[in-house]
Amino acid sequence: MARVLNCALIVIVGMLMATSALAHHSFAMFDQSKKITLQGTVKEFRWTNPHVFIQVLVKNDSGGEDDWSIEMTSPEHLARAGWLPGTLHPGDKVTLVIHPMHDNVKGGQYLSGTGPNGPLIGAPPSGPGK
């Protein structure tokens, strides 16, 4: 009986850990039905695991600037698409297309963009084996 309980406990703990791992990769916070375009200035380009972020300052209607946090995929996926830790620098002018946050927080999920010299900054690869 003790052996059955131990096995059951191991299975339950494993299932709980798997649920936590899957929750990390949820895109539920982003409104996938909307795309918005931001024009602004890179404040910071954070090449970190598990996700890369672009902090961009965007002019608002009051004449000030809003600090937007744009989430990307992992450094590994971005590197496969040709990104490097020095792809963007503070002060670079960018135009980014994102899925915004559902709760109207100044942030979103990166879809595509144009960099400081005009070339398209491509979306990371997706799908199996990419």
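The values are calculated or read from the model by the stated rules, or taken from the named source; none is laboratory data. Not measured: the values here are computed from a predicted model. Note that we place each Cβ from the backbone using ideal geometry, even for glycine, and neighbour counts take in every protein chain shown.
Tell me which residues, restricted to the stretch 67-105, are more than 14 Å from Ile121 (Cβ to Cβ), polar (S, T, N, Q) and in contact (Cβ under 8 Å) with a residue 24 or more places away in the chain.
Listed by number, the residues that qualify are Ser69, Ser74.
When you go through Thr87, Thr95 one by one, which is the residue that is in a strand (DSSP E or B) and at pLDDT 90 or above? Walk me through how you get there before you give the answer.
Values: Thr87 fails: in a strand (DSSP E or B).
That would be Thr95, the only listed residue that is in a strand (DSSP E or B) and at pLDDT 90 or above.
Just to be sure I understand, how many residues within the stretch 58-86 are buried (at least 18 other Cβ atoms within 10 Å of the Cβ) and touching a Gly at 6+ places or on another chain (Cβ under 9 Å)?
Matching residues across the stretch 58-86 total 4.
I want to confirm something. Restricting to the stretch 98-130 and keeping residues that are aliphatic (A, V, I, L, M) and either part of a strand (DSSP E or B) or exposed (fewer than 13 other Cβ atoms within 10 Å of the Cβ) (or both), which single residue is modelled with the lowest pLDDT?
Here is the first cut: in the stretch 98-130, the residues aliphatic (A, V, I, L, M) are 98, 101, 105, 111, 120-121, 123.
This time we only want the ones that are either part of a strand (DSSP E or B) or exposed (fewer than 13 other Cβ atoms within 10 Å of the Cβ) (or both), so: 98, 101, 105, 111, 120-121.
On the way: Ile98: 96, Met101: 97, Val105: 95, Leu111: 93, Leu120: 65, Ile121: 71.
Filtering the stretch 98-130 for residues that are aliphatic (A, V, I, L, M) and either part of a strand (DSSP E or B) or exposed (fewer than 13 other Cβ atoms within 10 Å of the Cβ) (or both), the one modelled with the lowest pLDDT comes out as Leu120.
For the stretch 24-38, how many residues meet the condition of being at pLDDT below 90 and in contact with a strand residue (DSSP E or B) (Cβ under 7 Å, 6 or more places away or on another chain)?
Residues of the stretch 24-38 at pLDDT below 90: 24-28.
Imposing the further condition that a residue be in contact with a strand residue (DSSP E or B) (Cβ under 7 Å, 6 or more places away or on another chain) reduces the set to 27.
Of the residues in that region, 1 qualify.
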